[in-house]
Structure formats: C-alpha cells, structure tokens
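Novice: Have a look at the structure that comes next, please.
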Amino acid sequence: MARSFSLHLLALGLLWALLTGGATGAWLVGAPVTVLAAWAGASLAPDTGRSPRPLAALAFVPFFLGHSLRGAWDVARRAVHPRLPIDPGRITYPCRLPEGTARTFFANCVSLLPGTLFVADRDGVVDLHAIDRGLPLEADLAVLERRVAALFGVSRERRA
C-alpha cells in the first residue's frame, strides 16, 4: 500500500500544482486534500500488482491526446450541424483484458473515443453509450484495448 499511496500522492500533487499554477498559498488547502485523496485512492484501489510501464505510458500519451481531440471535434461538429447527425444507442463490447487495473483503465478511457461513454462492466462485457451506432466503434475499442494491454504489460484473454 505504501507504493500505491506514494504514486497517488505524486500524481495528485502534480495535478494540484498544474491546476493552481504552482501557487504556494494554494497548498494550505491542497496539501491535506492531496494526502487524503491519495490515502483514499490507495486504500480503495484493488491491488493487482500491475502498474503502467513507463515507456508504454510515454507511447500512450500521444494516442490518448489524439483520440481525445478527435472525439471532442466529432461531438462538437455533430452538435452544431443543422441536421444533428446522431444515431444514439447502447452497444456492448466483449473486453478481453483481465479483471483489475488494466480493465478499469480501459473503461475509463472509453470516453476518449468519438461519441462514446462507458456505462458498465458486466464481468468483462462492457456496456457503452454511443452517439452514433454507425461509427466503427468495435475497431476503435479493439485498438484501445491493445494499447491498454501494452501499457500494463498484460495479455488479452480469449472469450468463449
């Protein structure tokens, strides 16, 4: 738990410093809140023994940023289009990542894809809301799943 707490504390501390522009006065509130949030995160997170691999994380960042921008642009374009080209609905995706950190990270990243929002994980079957069911979502999800597997150094399981 000490390693998990330290990682949470570092990440949350960096986030706080970025959000406040490094203002020293902000740490009067930020320090206790960061410590409590890091403790909560370390206590509540399942200990799967898996953490992101540093080099794979560096490769994941441009992928994440690119897809986030693509998703934001797609949704904005649809919202201002006169005909509002949407075909919303729920879809399911059989995620092959093992239960734990990698699958949770995958579920949290689903929303970076254009017009998608994570709804639930039912024992490896991921429910999503899609702004347009005609998008190539399964292909995009498979790419994201491969990237997350590489990030955490896990293999994807075969589903029956």
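Every number in this text was worked out from the coordinates using simple rules, so none of it is lab data. Everything numeric in this text was worked out from a predicted model, so none of it was measured. All Cβ positions, even for glycine, are placed from backbone atoms using ideal geometry, and neighbour counts span all protein chains on display.
Novice: Out of Leu144, Ala72, Leu128, whose Cα points farthest toward the positive end of the dipole of the chain (charges: +1 Lys, Arg; -1 Asp, Glu; placed on Cβ)?
Specialist: With unit charges placed on the Cβ atoms, the residue in question is Leu144.
Novice: Could you please rank Phe152, Phe118, placing first whichever residue has the fewest other Cβ atoms within 10 Å of its Cβ?
Specialist: Listing Phe152, Phe118 from fewest to most nearby Cβ atoms yields Phe118, Phe152.
Novice: Run the dipole for region 54-152 about the Cα centre, Lys and Arg Cβ at +1, Asp and Glu Cβ at -1, nothing else charged, and hand back the magnitude in debye, nearest 20.
Specialist: The calculated dipole for region 54-152 is roughly 240 debye.
Novice: Using the Kirkwood radius built from alpha carbon pairs, what does the Stokes-Einstein equation give as D for the chain at 4 °C and 1.567 mPa s, in µm² per second?
Specialist: D, rounded to a whole number, is 73 µm²/s.
Novice: Tell me, Cys95, Cys109 in order of fewest to most beta-carbon neighbours within 10 Å?
Specialist: The most exposed by this proxy come first: Cys109, Cys95.
Novice: Hey, another quick one. Mind checking the angle between helix 137-152 and the chain's longest principal axis? C-alpha axes, 0 to 90 degrees, to the nearest 10.
Specialist: 30 degrees
Novice: Of the DSSP beta bridges with both residues in region 54-152, give the percent that are antiparallel, rounding to the nearest 5.
Specialist: Rounded to the nearest five, the antiparallel share is 90 percent.
Novice: Just going by the charge dipole of region 1-106, with Lys and Arg at +1 and Asp and Glu at -1 on Cβ, which of Leu12, His81, Gly22 is farthest out on the positive end?
Specialist: His81
Novice: Could you order the peptides 62-74, 96-108, 17-29 from most to least packed, using the average number of other C-beta atoms within 10 Å per residue?
Specialist: 96-108, 62-74, 17-29
Novice: Please give the calculated 222 nm ellipticity per residue for the chain, where each DSSP H segment of at least 4 residues contributes -39500 (n - 2.57) and the sum is spread over every residue; nearest 500 deg cm²/dmol?
Specialist: Taken over the chain, the calculation gives -19000 deg cm²/dmol.
Novice: Can you compute the charge dipole magnitude of region 11-83 about its Cα centre, using +1 on each Lys and Arg Cβ and -1 on each Asp and Glu Cβ, nothing else charged? Give it in debye, rounded to the nearest 20.
Specialist: Approximately 400 debye in magnitude.
Novice: Right, here's the next one. Among His81, His8, which comes first, then next, by fewest other beta-carbon atoms within 10 Å?
Specialist: His81, His8
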